[in-house]
Amino acid sequence: MIRITKGLAALVAASALVACGGGDDGHDGHDHAHDHAAHDHGEGGHVHVAPRGGLLVELAHETAHAELLLDRATGRLDVYLLGAHAVTPLKSGQKRLRVTITSTPEPLELELRPVTSALTGDREGASSHFRVVDARLAGLAGLSGTLGTVEVLGRRFQGAAFGSDT
């Protein structure tokens, strides 16, 4: 019975290794102590999914992301700052987040403000959520542009480009 149990454990361990792509899966040494529901290990390697269905922008490889969510009916643009796997909110002390939209006839320079919420703990001086409402965004077919400076994790990320035709 002990030999069967050890053999079964070895089979399960080998199966788990193969299921996540083995040792050469493009993770460059990071372990699998994260939730696979938020991203996919497809043929191209490590792919993250925007948790709210928005446009996910990588600020730095496996460090930080921003999710942009446009309400085309109202012209409301929300930006959510997220961690390495686009799951955990990242708080920023910024008083504003600048975004340049280039998918309009003329580039739009927007200034998003922090959103406070007792539910998420976001407050002035420590928010992971920024918002602006601008009528010029209403009805916009695609969303392309660049993020200004984003300050999270004690670092500054600047000029991350994004684009969507949908």
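The values are calculated or read from the model by the stated rules, or taken from the named source; none is laboratory data. Owing to the predicted nature of the structure, the values given are computational and were not obtained by experimental measurement. Ideal geometry is used to build each Cβ from the backbone, glycine not excepted, and the neighbour counts take in all protein chains shown.
When the range 108-117 is filtered for residues that are surrounded by 12 or more Cβ atoms within 10 Å (Cβ to Cβ) and among the acidic types (Asp, Glu), only 111 remains.
Condition test on residue 77, is it closer than 24 Å to residue 141 by Cβ and either free of Cβ contacts under 8 Å to residues at least 60 places away in the same chain or of a type outside the set (Lys, Arg) (or both)? Show your work before the answer.
Numbers: closer than 24 Å to residue 141 by Cβ: yes; either free of Cβ contacts under 8 Å to residues at least 60 places away in the same chain or of a type outside the set (Lys, Arg) (or both): yes.
Here the answer is yes, as residue 77 does meet what is asked.
Taking the conditions (1) surrounded by 14 or more Cβ atoms within 10 Å (Cβ to Cβ); (2) among the charged types (D, E, K, R); (3) out of contact with any Phe, Trp or Tyr (no Cβ under 8 Å at 6 or more places or on another chain) in turn, residue 71 satisfies each one other than (1). The single condition from (1) in contact with a Gly (Cβ under 8 Å, 6 or more places away or on another chain); (2) part of a loop (DSSP other than H, G, I, E, B); (3) surrounded by fewer than 20 Cβ atoms within 10 Å (Cβ to Cβ) that residue 105 fails is (1).
Right, residue 120: over 18 Å from residue 73 (Cα atoms), in contact with a Pro (Cβ under 6 Å, 6 or more places away or on another chain) and surrounded by 14 or more Cβ atoms within 10 Å (Cβ to Cβ) or not? Criteria not met by residue 120. Taking the range 108-143 as the range and being assigned to a loop (DSSP other than H, G, I, E, B) and either among the polar types (S, T, N, Q) or under 19 Å from residue 161 (Cβ atoms) (or both) as the test, the residues that pass are 116, 120, 128, 140, 141, 142, 143. If the condition is being in contact with a Lys or Arg (Cβ under 8 Å, 6 or more places away or on another chain) and either in a strand (DSSP E or B) or in contact (Cβ under 8 Å) with a residue 40 or more places away in the chain (or both), then the range 80-96 contributes 80, 81.
From the list 73, 118, 135, 64, the one residue that fits, being among the aliphatic types (A, V, I, L, M), assigned by TED's automatic domain parsing to the domain that holds residue 150 and under 19 Å from the mean Cα position of the chain (by Cα), is 64.
Taken over the range 146-162, the criterion of being in a strand (DSSP E or B), under 18 Å from residue 91 (Cα atoms) and in contact with a Gly (Cβ under 9 Å, 6 or more places away or on another chain) is satisfied by 147, 151, 152.
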